[in-house]
């Protein structure tokens, strides 16, 4: 493929992916505990090619030239801080700082900052998806069914029912939380870059706020501006790709 067309095509792919990132932010503007991100772009490694100036006989031209190969979506940067929204619901719990709630899923333990909890028909404290919330010892927390309607959670994460604690919600922290792997529905799993989870009681700069949840960190205006800018870049990249393709057609006709 012609280098010009290759570069333009890479830019088209990168900007399309970037628009999708901002689009996902906007879709989740009202999703509890959603962490918005912005795309990070980087240039593909340059390649050494025969210098066109040398081929044209320009005196003093070096034998090779470093030619850029295009651009790609290198990653996503987390943007903003999720605000605490008071709900007054006694089983809601907002977590501030770099801590996560541990939940049990069919695939293993996952982690979330979405504290919209309820008590299911078996008396187990669960997430909105029905996943059991784990205690500091890594076990589901259950309450007597007769006391299920009176469950409350205190700032230390103790689940109170029937006048006593039925368990303490565990808080998971990681050496590098940026390395967590997203699995959808505001859930993450530990990865090589995040390091292993350390599950225990609340502390270490993490705080819990009963009767509240984390809101979305999406800044709608910021996401819209980013999307518009990338959409304009996409249009320019499309023109560049079209021009490069046209030049190849002309070159083929001449030869």
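The values are calculated or read from the model by the stated rules, or taken from the named source; none is laboratory data. Computed from a prediction, not measured in an experiment: that's the story for all the values here. Cβ: placed from backbone, ideal geometry, glycine included. Neighbour counts: every protein chain shown.
Okay, residues lined up against (1) in a strand (DSSP E or B); (2) at pLDDT below 95; (3) more than 26 Å from residue 107 (Cβ to Cβ); (4) touching a helix residue (DSSP H, G or I) at 6+ places or on another chain (Cβ under 7 Å):
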{"position": "155", "(1), (2), (3), (4)": "no, no, yes, no"}
{"position": "159", "(1), (2), (3), (4)": "yes, no, no, no"}
{"position": "167", "(1), (2), (3), (4)": "yes, no, no, no"}
{"position": "178", "(1), (2), (3), (4)": "no, yes, no, no"}
{"position": "182", "(1), (2), (3), (4)": "yes, yes, no, no"}
{"position": "203", "(1), (2), (3), (4)": "no, yes, yes, no"}
{"position": "209", "(1), (2), (3), (4)": "yes, no, yes, no"}
{"position": "213", "(1), (2), (3), (4)": "yes, no, no, no"}
{"position": "218", "(1), (2), (3), (4)": "no, yes, yes, yes"}
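Which one is surrounded by the fewest Cβ atoms within 10 Å (Cβ to Cβ), of the residues in the range 37-61 that are assigned to a loop (DSSP other than H, G, I, E, B) and modelled with pLDDT of 55 or more?
Out of the qualifying residues, it is 45.
Tally time: how many residues in the range 184-199 are in a strand (DSSP E or B) and surrounded by fewer than 15 Cβ atoms within 10 Å (Cβ to Cβ)?
Here the count works out to 2.
Tally time: how many residues in the range 188-225 are farther than 19 Å from residue 91 by Cα and touching a strand residue (DSSP E or B) at 6+ places or on another chain (Cβ under 6 Å)?
6
Determine which single condition residue 90 fails, assuming it passes every other condition in (1) out of contact with any helix residue (DSSP H, G or I) (no Cβ under 9 Å at 6 or more places or on another chain); (2) at pLDDT 95 or above; (3) surrounded by 14 or more Cβ atoms within 10 Å (Cβ to Cβ); (4) not in a strand (DSSP E or B).
(1)
Just to check your reading of the model, which residue among 108, 99 is in contact (Cβ under 8 Å) with a residue 24 or more places away in the chain and farther than 19 Å from residue 208 by Cα?
Working: 99 fails: farther than 19 Å from residue 208 by Cα.
Only one candidate passes the filter, namely 108.
Which is within 30 Å of residue 6 (Cβ to Cβ), surrounded by 20 or more Cβ atoms within 10 Å (Cβ to Cβ) and in contact (Cβ under 8 Å) with a residue 12 or more places away in the chain, of 180, 230?
Sole residue among the options that is within 30 Å of residue 6 (Cβ to Cβ), surrounded by 20 or more Cβ atoms within 10 Å (Cβ to Cβ) and in contact (Cβ under 8 Å) with a residue 12 or more places away in the chain: 230.
So, in the range 114-130, how many residues would count as being part of a loop (DSSP other than H, G, I, E, B) and under 25 Å from the mean Cα position of the chain (by Cα)?
7
How many residues does the range 93-104 contain that are modelled with pLDDT of 95 or more, closer than 15 Å to residue 197 by Cβ and either surrounded by fewer than 17 Cβ atoms within 10 Å (Cβ to Cβ) or over 19 Å from the mean Cα position of the chain (by Cα) (or both)?
Residues flagged as modelled with pLDDT of 95 or more, closer than 15 Å to residue 197 by Cβ and either surrounded by fewer than 17 Cβ atoms within 10 Å (Cβ to Cβ) or over 19 Å from the mean Cα position of the chain (by Cα) (or both) within the range 93-104 amount to 1.
Assess whether residue 31 counts as being in a helix (DSSP H, G or I), modelled with pLDDT of 60 or more and either in contact with a helix residue (DSSP H, G or I) (Cβ under 9 Å, 6 or more places away or on another chain) or under 30 Å from residue 186 (Cβ atoms) (or both).
no
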